[in-house]
Amino acid sequence: MTSGAQSAAASVANGTAIHSAGPPDNLVMVFPAGNEPKDLALVEQTINRYLLKKINAALDIRTIDMGAWWDKTGLMFASGEQIDILFTAGWMRFGDEVAKGRYLPLDDLLDRYGEGIREILDPSILEASRINGSLYGIVTNKEFASSKGLVLRQDIVDRLDLDLSQVRKLADLGPVFEEVRRKEPVMAP
């Protein structure tokens, strides 16, 4: 984070909106994506409207194909190209990237500018991104959400002419599964 963005973030943390006449700080965020999301420009525009008012900053969101992620981000880090925010996860070599010095510890920044984060996240969730005692990321709550559902293959439903019109609850699937077992004895529904 640039010093201008840090002072702007401090104004936000203190509860005061800033209206700087100076140019906005430009922040770069990278994340892996197979294809660029179709509404990315709209999302970026909406975020920037908010950020410009709050901290006089603008976010440049860049997607990188997952197949090229390691080469591209490796070159970005090696060349000193600007990366302010990036997606990471345990399965994305998080510990290796920390060991290479590519991520900055966030403890002080969280204490100074992370108003509300500790109240929103369970302490055990926040601790998940600590390595050797330092915090290197803010874990999202999405990993701890729960959704339930079943997936039925449409090709099997069509081929076996399964009637799903009366399925309203889990127990209603019993007869459907029995029909699959009867028509396809080698298939485990």
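The values are calculated or read from the model by the stated rules, or taken from the named source; none is laboratory data. Keep in mind that this is a model prediction, so the values were computed, not measured. FYI the Cβ positions are ideal-geometry reconstructions off the backbone, even for glycines, and counts take in every protein chain you see. Surface areas here come from the heavy atoms of the whole protein model, side chains and all, with no ligands, DNA or RNA. Shrake-Rupley method; radii C 1.70, N 1.55, O 1.52, S 1.80 Å.
With contacts taken as Cα pairs under 8 Å at a separation of at least 6 residues, the chain carries a relative contact order of 17 percent.
The shape of region 28-77 comes out oblate: with a ≥ b ≥ c from the C-alpha gyration tensor, a/c is at least 1.5 while a/b does not beat b/c. Computed from Cα positions, the angle between helix 3-13 and the longest principal axis of the chain comes to roughly 70 degrees.
Summarising the amide proton neighbourhood of Ala89: residues at separation of 5 or more, or on other chains, whose placed amide H is nearer than 5 Å comprise Phe94. Of the solvent-accessible surface of the chain, computed with a 1.4 Å probe and all protein chains present, 55% belongs to carbon and sulfur.
For region 22-79, the set of trypsin sites (Lys or Arg not before Pro) satisfying both a DSSP loop assignment and a count of at most 16 other C-beta atoms within 10 Å is given as Lys38. Our summary gives region 95-189 a relative contact order of 18 percent, counting only alpha carbon pairs under 8 angstrom and 6 or more residues apart. Here is how the number arises for the chain: DSSP H runs of 4 or more residues each give -39500 (n - 2.57), the sum is divided by the residue count, and the result at 222 nm is -11500 deg cm²/dmol. Summing charges over all other residues whose Cβ lies under 15 Å from the Cβ of Gly149, with Lys and Arg as +1 and Asp and Glu as -1, gives +3.
Candidates Ile138, Val167, Ala58 compared by Cα position along the dipole of the chain: farthest toward the positive end lies Val167, with charges placed on Cβ.
Give me the net charge of Leu109's neighbourhood, meaning all other residues with Cβ under 12 Å from the Cβ of Leu109; Lys, Arg count +1, Asp, Glu -1. Result for the neighbourhood of Leu109: -4.
Each Lys and Arg adds +1 at its Cβ and each Asp and Glu adds -1 at its Cβ; summed about the Cα centre, region 19-114 shows a dipole of about 180 debye. Compared with the dominant Cα axis of the chain, that is its longest principal axis, helix 69-79 is turned about 10°.
Just to confirm a number: summing +1 for Lys and Arg and -1 for Asp and Glu over residues other than Asp161 whose beta-carbon lies under 10 angstrom from that of Asp161, what do you get? Numbers along the way, then the final one.
Numbers: positive: Arg159, Lys183; negative: Asp158, Asp163, Glu179.
Net of charged neighbours comes to -1.
Largest accessible area first, the listed residues Tyr136, Tyr50 line up as Tyr50, Tyr136 when surface is computed with a 1.4 Å probe on the assembled protein chains.
Solvent exposure of the chain amounts to 68 Å² per residue of accessible area, where only protein heavy atoms count and the probe is 1.4 Å.
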